[in-house]
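Q: One structure is given below, represented as structure tokens, and several questions about it will come after.
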Amino acid sequence: MEKVIDINYFELFTGYALMLIPVFVFWYYKTGLVKDTITATVRMTIQLLLVGLYLEYIFKLNSIIVNTAWVLLMSIIASYTVITRSNLKLGMFFLPVVFSGIISIAVTDAYFLGVVVKLKNVFDARYFIPVTGMLLGNTIKNVVIALNAFYKRIYEESNYYRRYLANGASKKEALHPFMRHALRSAFNPMIATTAIMGLISLPGMMTGQILGGSNPNVAVKYQIMLLITIFSSAVLNIVLTIFFSNKFAFDAYDNLKKEIFRK
């Protein structure tokens, strides 16, 4: 099996020439995005180089405590990103979002790594950290969309929600249409992408495995399970996030608190 071709730092630097295309287009059409694009690219580069550096040591150390601490840190950062992108109050939603994320990761990681892959140690750094990172990275967008769709819809259609309650519906029953809307908003694009994923492209993880020398059939099987795991984790994460956050978002009379939104 051929060894993967490395990219030295000079070749990596020459690859940045591709960024001249978007920079020129943004500059030509006066979008105001040139500075943001360059800044984002520089930050991305620094962050990923640092990630590669310390992950090398984390993989060598392969400590359950260190691996778990790293995943918890990633979960906290992901939760912060979700809340800030959802235009919701950090103080009111931080614990529900973090708690939901950790539960969904624990369930799907344990099943995928322990039952499907059958690892003796599900905390093995080379599996645990990359898989968990993929789960977090691929579910952030869905959780943001769902939270925005759920709470914004209730706020905009408060009369509709109150009418349900006035007609004898429980809070859970009155929120059912809004949960349905949130799930549809979050997962319609994901379902469409998943349905044709194998036809339109090689997903990132699968491409990496093939370039790393893995058998394509092995890479395909891992990719299938990763897509299923990501999808299941996202659904569980959203349901739990909304369930737990509802404890803080409504008052004693089942009215949505207006102060949950950031001004």
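Q: State the number of residues belonging to the range 93-123 that are surrounded by fewer than 17 Cβ atoms within 10 Å (Cβ to Cβ) and over 19 Å from the mean Cα position of the chain (by Cα).
A: Matching residues across the range 93-123 total 8.
Q: If you don't mind, another one. What number of residues within the range 211-230 are at pLDDT below 55 and within 24 Å of residue 115 (Cα to Cα)?
A: Qualifying residue count for the region: 0.
Q: Would you be able to tell me the number of residues in the range 163-173 that are part of a helix (DSSP H, G or I) and either surrounded by fewer than 15 Cβ atoms within 10 Å (Cβ to Cβ) or modelled with pLDDT of 95 or more (or both)?
A: Result for the range 163-173: 5.
Q: Further, regarding this structure: Assess whether residue 61 counts as being touching a residue at least 24 places away in the same chain (Cβ under 8 Å) and surrounded by 13 or more Cβ atoms within 10 Å (Cβ to Cβ).
A: For residue 61, the condition - touching a residue at least 24 places away in the same chain (Cβ under 8 Å) and surrounded by 13 or more Cβ atoms within 10 Å (Cβ to Cβ) - is not met.
Q: Any chance you could count how many residues in the range 2-44 are within 30 Å of residue 216 (Cβ to Cβ), at pLDDT 90 or above and of a type in the set (Val, Ile, Thr)?
A: Final tally of qualifying residues: 1.
Q: When the residues of the range 244-254 are filtered to those that are outside any strand (DSSP E or B) and touching a residue at least 12 places away in the same chain (Cβ under 8 Å), which remaining residue is farthest from the chain's Cα centre (by Cα)?
A: 254
Q: Could you please find all residues in the range 141-162 being surrounded by fewer than 18 Cβ atoms within 10 Å (Cβ to Cβ) and of a type outside the set (D, E, K, R)?
A: Of everything in the range 141-162, those that are surrounded by fewer than 18 Cβ atoms within 10 Å (Cβ to Cβ) and of a type outside the set (D, E, K, R) turn out to be 148, 155, 158, 159, 160.
The values are calculated or read from the model by the stated rules, or taken from the named source; none is laboratory data. For clarity, every value in this text was computed on a predicted model and none was experimentally measured. Don't worry about glycine lacking a Cβ; one is built from the backbone with ideal geometry, like all the others, and counts go over all protein chains shown.
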